[in-house]
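Colleague: Before anything else, here's the structure in question.
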Amino acid sequence: MKIFLWGNALLILSFLIHLVIWKIRVPQRQTKTLFTLFGMLLFLEIPLIDIVSDHFPALAEYRLDNLMEYAHVSLYYLCLSLMYIVFYGALEVDSPSLVMVLRVAKEGVQGLPISEFYESMNDDLLVKPRVENLVRDKQAIFENGKYKISEKGRSFISIFIFYRKLLNAGKGG
């Protein structure tokens, strides 16, 4: 129960700090900022938990007793943080499926003519924002009129390539 309590408390604290930062000004490189923020709280975990445990008597029974408990909280918080950062990345730009469903739903019971659907679903809406995010996050480079994968992008994509190979899923999307 201690691990669950402190891991979730750290995640909630990270999330609240995230909200405050985004209310003040949305960072240019959002994913990097999230990694930094969540990582800082991971390193501040031990003193933070000790201070809170000492100042709130109701939490005395949840005080962490040894290094192994701190390690468990760290691992749990790390898993939650990475899950949140990946989930946030998916929400940063509307997914193509969501954009399509919302467009069709907007028309209601009369429906959306297929010609209007295809007109509204274009590269400006579905592709370009994602490519711009790749360049902004330095996972791709745009030079001499061409997009190239960066070392950072190559490292990131290697995770997915490994996973697809593991599942014997092939190279397609």
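The values are calculated or read from the model by the stated rules, or taken from the named source; none is laboratory data. Being a predicted model, the structure only gives us computed values, none of them experimental. Heads up, the Cβs are rebuilt from the backbone with ideal geometry, glycines too, and the neighbour counts pull from every protein chain shown.
Colleague: For residue 125, are the conditions met, namely being touching a residue at least 24 places away in the same chain (Cβ under 8 Å), assigned to a helix (DSSP H, G or I) and surrounded by 12 or more Cβ atoms within 10 Å (Cβ to Cβ)?
Modeller: Yes, satisfied.
Colleague: Now, a different point. Quick test of your reading of the structure: residue 90 fulfils all but one of (1) more than 27 Å from residue 11 (Cα to Cα); (2) out of contact with any strand residue (DSSP E or B) (no Cβ under 8 Å at 6 or more places or on another chain); (3) surrounded by 10 or more Cβ atoms within 10 Å (Cβ to Cβ). Name the failing condition by number.
Modeller: (1)
Colleague: On the given criteria, is residue 81 in contact with a Lys or Arg (Cβ under 6 Å, 6 or more places away or on another chain), assigned by TED's automatic domain parsing to the domain that holds residue 31 and closer than 19 Å to residue 8 by Cα?
Modeller: no
Colleague: Here's another thing I want to ask about it. Looking at segment 50-74, which of the residues that are aromatic (Phe, Trp, Tyr) and surrounded by 12 or more Cβ atoms within 10 Å (Cβ to Cβ) is farthest from the chain's Cα centre (by Cα)? Break it down stepwise before answering.
Modeller: Just the residues of segment 50-74 that are aromatic (Phe, Trp, Tyr), to begin with: 56, 62, 70.
After this cut, where a residue has to be surrounded by 12 or more Cβ atoms within 10 Å (Cβ to Cβ) as well, the list is 62, 70.
Working: 62: 29, 70: 24 Å.
Among residues in segment 50-74 that are aromatic (Phe, Trp, Tyr) and surrounded by 12 or more Cβ atoms within 10 Å (Cβ to Cβ), the one farthest from the chain's Cα centre (by Cα) is 62.
Colleague: Of all residues in segment 32-56, which are among the β-branched types (Val, Ile, Thr) and farther than 15 Å from residue 11 by Cβ?
Modeller: In the first step, residues of segment 32-56 are kept if they are among the β-branched types (Val, Ile, Thr); the result is 33, 36, 46, 49, 51-52.
33, 36, 46, 51 - these are the residues of segment 32-56 that are among the β-branched types (Val, Ile, Thr) and farther than 15 Å from residue 11 by Cβ.
Colleague: Go through 50, 65 for me and flag whichever is over 30 Å from residue 128 (Cβ atoms), free of Cβ contacts under 8 Å to residues at least 40 places away in the same chain and not in a helix (DSSP H, G or I).
Modeller: 65
Colleague: Something else now. Return yes or no: is residue 152 part of a loop (DSSP other than H, G, I, E, B) and not assigned by TED's automatic domain parsing to the domain that holds residue 43?
Modeller: It is false that residue 152 is part of a loop (DSSP other than H, G, I, E, B) and not assigned by TED's automatic domain parsing to the domain that holds residue 43.
Colleague: Here is a further query. Within segment 14-39, can you find the residues that are in a helix (DSSP H, G or I) and over 16 Å from the mean Cα position of the chain (by Cα)? Break it down into steps so the answer makes sense when it comes.
Modeller: Keep residues of segment 14-39 that are in a helix (DSSP H, G or I), which gives 14-24, 30-39.
Within segment 14-39, 20, 23, 24 meet the criteria.
Colleague: While we're looking at this one, here's another question. If residue 34 meets every condition in (1) more than 24 Å from residue 138 (Cα to Cα); (2) in contact with a helix residue (DSSP H, G or I) (Cβ under 7 Å, 6 or more places away or on another chain) apart from one, which number is that one?
Modeller: Tallying (1) more than 24 Å from residue 138 (Cα to Cα); (2) in contact with a helix residue (DSSP H, G or I) (Cβ under 7 Å, 6 or more places away or on another chain), residue 34 fails exactly one: (1).
Colleague: Quick one: is residue 77 in a helix (DSSP H, G or I) and either loosely packed, with under 11 Cβ neighbours inside 10 Å or modelled with pLDDT of 90 or more (or both)?
Modeller: Judged against the criteria, residue 77 is a match.
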